[in-house]
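Reading through the structure tokens given below for one structure.
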2 protein chains.
Amino acid sequence: MKVSVLFSGGKDSSLAAIMLGQFFDVELVTCNFGTLPTWHIARSVANELGFPHKVLKLDPQILQDATRLIVNEGFPKNGIKFIHWHALEYLASLPDIKTIADGVRRDDRTPVLSTSEVMSIESRFNIQYIRPLEGYGRKTINVLVDMYFEIEEKKGDLMIGAEYEFELREEIKNLYGEDKVLRIFPRDHTHSRVIKMRESKTS
Amino acid sequence: MKVSVLFSGGKDSSLAAIMLGQFFDVELVTCNFGTLPTWHIARSVANELGFPHKVLKLDPQILQDATRLIVNEGFPKNGIKFIHWHALEYLASLPDIKTIADGVRRDDRTPVLSTSEVMSIESRFNIQYIRPLEGYGRKTINVLVDMYFEIEEKKGDLMIGAEYEFELREEIKNLYGEDKVLRIFPRDHTHSRVIKMRESKTS
């Protein structure tokens, strides 16, 4: 059975992919608006994990709407959820897709979907939507990540993966200037990228 | 790393154990109040799955308190959660336990713990508490169960596993009579037991 996993190349979606690989034929899917080539990094991590990878081009209108929402609110939480929701719906709407997944964790602050939002996507698109990390706390996930991966972590705006944040920052910078970006996004927020699988886990 | 999984011998806790076995040294734990030998069945399923199994004797006062709660309310939901909560806390309090887990699903109606209740147990006992099925809907779980197990399902009071319900029914029958049991527990509620691992999964 195939599962399509929304994938940034970071530690959470990589761990979710490994977990699902126990049961499913995993296909990794990176969404991109065409403003920054964030998917390059995701592709290289996908190769390292050994899963097929494809890139989905999302409607740039979604990026513009999320940008307006974020600028109006002054913080990125709901705009990031807005993009994730549209990415999930677009993936779920594709004709050959029956099961989708992502790397959202129990302790994430965004994108957080309620169980009824998850079930709404499942029933409207007649698909199954798995969140394999939903039952795991941050501490447990860090232990598992460390068992499986060597990772790189960076704070702030350095693009090291295909999180929606990077194209959002670019869009806000182009429309409102760099100062606006710095006022909206927390400077100490960390992004991660998987560098490689640990050797004991690749055999 | 060791994880202690609350285990009834049913399909959900069996699937949770298989999932956790990808990453952890799984130990199965069945709780029992000493009024019915429910743990016998759990032990035989544990042997079939190939995981070590132990039985934890819970304080009979917990069963009595849960029974009173259920009889007062007229339905079993909160009494079952009450027992599960005490089972989790007792397991978490044991000196050599660092990580606990159970087979609670996203779509379960009982025992349902909120994320803050889960995190409360984690922080008070300084342990990690994993719910591996929390991110999976009923339909996906049925597919995975069918991939891994041959199961038996029975409705009502036929004891085919170590769910708390069986000792609760026995306690209510002894104190209030069989009629009370029939008024409180839904007749169409199904219990499951794993009969064996599918051959393709045991090699």
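Summary of computed values
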| quantity | calculated |
| --- | --- |
| Hits in the stretch B:187-203 (condition: assigned to a loop (DSSP other than H, G, I, E, B) and either in contact (Cβ under 8 Å) with a residue 60 or more places away in the chain or small (G, A, S) (or both)) | B:S203 |
| Answer from B:E167, B:E153 - the residue that is open to solvent by less than 10 Å² (accessible area, probe 1.4 Å) and farther than 21 Å from A:V104 by Cβ | B:E167 |
| Single condition A:M119 does not satisfy, out of (1) open to solvent by 10 Å² or more (accessible area, probe 1.4 Å); (2) touching a residue at least 12 places away in the same chain (Cβ under 8 Å); (3) within 28 Å of B:I100 (Cα to Cα) | (2) |
| Residue list for the stretch B:16-54, restricted to those being open to solvent by 20 Å² or more (accessible area, probe 1.4 Å), assigned to a strand (DSSP E or B) and not basic (K, R) | B:D25, B:E27, B:H53 |
| Residues of the stretch A:98-140 that turn out to be within 7 Å of chain B (Cβ to nearest Cβ), closer than 12 Å to A:D12 by Cβ and of a type in the set (K, R), as a count | 2 |
| Residues being without any contact (Cβ under 8 Å) to a residue 12 or more places away in the chain and under 30 Å from A:Q22 (Cα atoms) - total across the stretch B:138-186 | 5 |
| All positions within the stretch A:60-85 that are β-branched (V, I, T), touching a Pro at 6+ places or on another chain (Cβ under 9 Å) and more than 21 Å from A:Y129 (Cα to Cα) | A:I70 |
| Failed condition for B:F7, given (1) open to solvent by 30 Å² or more (accessible area, probe 1.4 Å); (2) modelled with pLDDT of 95 or more; (3) touching a Ser or Thr at 6+ places or on another chain (Cβ under 8 Å) | (1) |
| Enumeration of residues in the stretch B:20-69 that are in contact with a helix residue (DSSP H, G or I) (Cβ under 8 Å, 6 or more places away or on another chain) and among the hydroxyl-bearing types (S, T, Y) | B:T30, B:T35, B:T38, B:T67 |
| Every residue from the stretch B:55-81 that is within 30 Å of A:K139 (Cα to Cα) and open to solvent by less than 60 Å² (accessible area, probe 1.4 Å) | B:V55, B:L56, B:L58, B:N78, B:I80, B:K81 |
| Residue in the stretch A:128-141 that is more than 30 Å from B:R138 (Cβ to Cβ) and of a type in the set (F, W, Y) present | no |
| Qualifying residues in the stretch B:96-106 (those that are at pLDDT below 95 and open to solvent by 30 Å² or more (accessible area, probe 1.4 Å)) - the one farthest from A:S114 (Cα to Cα) | B:D96 |
| Test result for A:R193, open to solvent by 50 Å² or more (accessible area, probe 1.4 Å), among the basic types (K, R) and within 24 Å of A:L6 (Cα to Cα) | yes |
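The values are calculated or read from the model by the stated rules, or taken from the named source; none is laboratory data. All figures in this text were calculated on a predicted structure; none of them were measured in a lab. Positions of Cβ are generated from backbone atoms using ideal geometry, with glycine treated the same way; all protein chains shown enter the neighbour counts. The protein model used for the area step is the full one, side chains on, heavy atoms only, and it has no ligands, DNA or RNA in it. Shrake-Rupley method; radii C 1.70, N 1.55, O 1.52, S 1.80 Å.
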